[in-house]
Amino acid sequence: MAERTPPRALSDADLDAIAREMKAAQDAALPLEPFSARHPGFGLEAAYAVAHRVHEMRMAEGAQPVGRKIGFTNAAMWAIHGVRDPVWAPVYDTTVELLAGTSATCALGGFHEPRIEPEIVLHFRAAPALGGGPDGVLESIDWVAHGFEVVQSHFPEWRFAAPDTVVDRGLHARLFVGPRLPVEETGLAPARALESFTLELFRDGQPVESGCGANVLGSPLAAIVHLIALLARQPFAKALAAGELVTTGTVTTAHPVQPGETWRTSLQGISLPGLEIGFVA
């Protein structure tokens, strides 16, 4: 039996070309064939190198990073999409909105196959230390919020491999952050509240799915611990810094959204209000 020829390593020029193609698709809401299907051996290391190139192009246009998103922290999403580990991406002042209240409106015209994810957002008053564990993360946080992340896939029908999602900004489109609550006001035991709270997701008044904090890699704090370790292993990544926010991943699975729909949440076991978001064309 003839030996298989190993896939050709991607050059810097290849990575530059992938970055330009990905950014163009994001800017114009265009579909793409997954890069993993076109480039055998296209893995996470190459994907994060491409994502860094796209990030630099965004900043050259004036976008300012304000934090990170963690994707695929909910194991229920792994079997659906064939992903086995969380991924991360930067979020920007152009994609994050801090709400004055508990309602938002989102135009879907610039997105490709958008979906909604209810999440917990954490904001850092100090840089969390590598190896500090959930307790160290908690000590570094000044506020907690509930948010809606609108995600999208430029790979049709949400068919992709993990490296494709990294290149596609972790599937991030927009993040709407609800009222910010000082961490000490989330409940008598903030760590327990973040792990055990429950959430109900509704579409046009009808229940769609319920979830809990433990769905987020065991706890949103555990998701941050994973992110800190992941960033420490990546040559292009900067460690989390004071002033950043992180949206920690979806409490439920991701659900497709359409113009004309209104989605809302109800939370129990944590002192955070539910949110409502209306989608328009």
(message) Within segment 25-33, does at least one residue satisfy the condition of being buried (at least 16 other Cβ atoms within 10 Å of the Cβ) and within 28 Å of Ala145 (Cα to Cα)?
(response) yes
(message) Looking only at segment 178-209, filter to residues that are small (Gly, Ala, Ser) and surrounded by 16 or more Cβ atoms within 10 Å (Cβ to Cβ); which one of those is farthest from Ala76 (Cα to Cα)?
(response) Gly187
(request) Give the residues of segment 17-65 that are of a type in the set (Gly, Ala, Ser) and touching a strand residue (DSSP E or B) at 6+ places or on another chain (Cβ under 9 Å), sorted by residue number. (result) Ala47, Ala51, Ala63
(message) Please verify whether Phe155 is aromatic (Phe, Trp, Tyr), within 13 Å of the chain's Cα centre (by Cα) and surrounded by 18 or more Cβ atoms within 10 Å (Cβ to Cβ), treating the condition exactly as stated.
(response) no
(request) Please work out if Ala127 is in a loop (DSSP other than H, G, I, E, B), of a type in the set (A, V, I, L, M) and without any contact (Cβ under 8 Å) to a residue 12 or more places away in the chain. (result) no
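Can you tell me which residue is surrounded by the fewest Cβ atoms within 10 Å (Cβ to Cβ) among those in segment 49-81 that are of a type in the set (A, V, I, L, M, F, W, C) and within 24 Å of Gly211 (Cα to Cα)?
If we filter segment 49-81 for residues that are of a type in the set (A, V, I, L, M, F, W, C), which is where we start, we get 49-51, 54, 57, 59-60, 63, 66, 70, 72, 75-80.
Next cut, within 24 Å of Gly211 (Cα to Cα) only: 70, 72, 75-80.
Values: Ile70: 24, Phe72: 22, Ala75: 14, Ala76: 13, Met77: 20, Trp78: 15, Ala79: 9, Ile80: 12.
So, considering only residues that are of a type in the set (A, V, I, L, M, F, W, C) and within 24 Å of Gly211 (Cα to Cα), the one surrounded by the fewest Cβ atoms within 10 Å (Cβ to Cβ) is Ala79.
Where a number appears in this text, it was derived from the coordinates with a stated rule and is not lab data. Fair warning: this is a prediction, and the values are worked out from it, not measured in the lab. All Cβ positions, glycine included, derive from the backbone under ideal geometry; neighbour counts span all protein chains shown.
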